[in-house]
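The values are calculated or read from the model by the stated rules, or taken from the named source; none is laboratory data. Since this is a predicted model, take the numbers as computed values, not measurements. Note that each Cβ is placed from the backbone with ideal geometry, even for glycine, and that neighbours are counted across all protein chains shown. In case anyone asks, the SASA skips ligands and DNA or RNA and just uses the protein heavy atoms, side chains included. Shrake-Rupley method; radii C 1.70, N 1.55, O 1.52, S 1.80 Å.
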Amino acid sequence: QVQLVESGGGLVQPGGSLRLSCAASIRSFNLYDMGWYRQAPGKQRELVAVIRRTSITNYADSVKGRFTISRDNAKNTVFLQMNSLKPEDTAVYYCNAAQTHYAYWGQGTQVTVSS
């Protein structure tokens, strides 16, 4: 059974940093594209960043230069380093694992940016 468990969320002041982690209990982790999505109240879920199995990365324009996605295939873990956080980054952040015919989601972790 596939499980994705996010951690690292919390309350941070504007300009602060957080590092999210997603631990995946999944076979052949290295063959999955791993992504972070977020959903703010009243809004649709949106892609934040993705790291392909080739290690190519893509970011939403709103987070470019501030967020960095990385993965550790030996530990079946993907990370999202978030710097220079803004109030508009407040959302539930979800981890996603995807292959051609499969996609899995974590339960999400709350990130709140507020003074």
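Counting Lys +1, Arg +1, Asp -1, Glu -1, what net charge surrounds N30 among other residues with beta carbon under 12 Å of its beta carbon?
Numbers: positive: R27, R52, R53, R71, K75; negative: D33, D72.
Every neighbour counted, the sum reads +3.
Placing unit charges on C-beta atoms (Lys and Arg positive, Asp and Glu negative, everything else neutral), compute the dipole magnitude of region 28-115 about its Cα centre in debye, rounded to 20.
Taking the Cα centre of region 28-115 as origin, the dipole is about 80 debye.
If r is the Cβ-Cβ distance from L31 to R66 and R0 is 30 Å, what FRET efficiency results, to the nearest 0.05? It would help to have the intermediate numbers written out before the result.
Numbers: r = 29 Å, r/R0 = 0.96.
So, using R0 = 30 Å, E works out to roughly 0.55.
In Å², what does the accessible area per residue of the chain work out to with a 1.4 Å probe?
Per-residue accessible area for the chain comes out at 56 Å².
Tally up the carbon and sulfur contribution to the accessible surface of region 27-115 as a whole percent, 1.4 Å probe, everything protein left in place.
Carbon-and-sulfur percentage of accessible area, whole number: 45.
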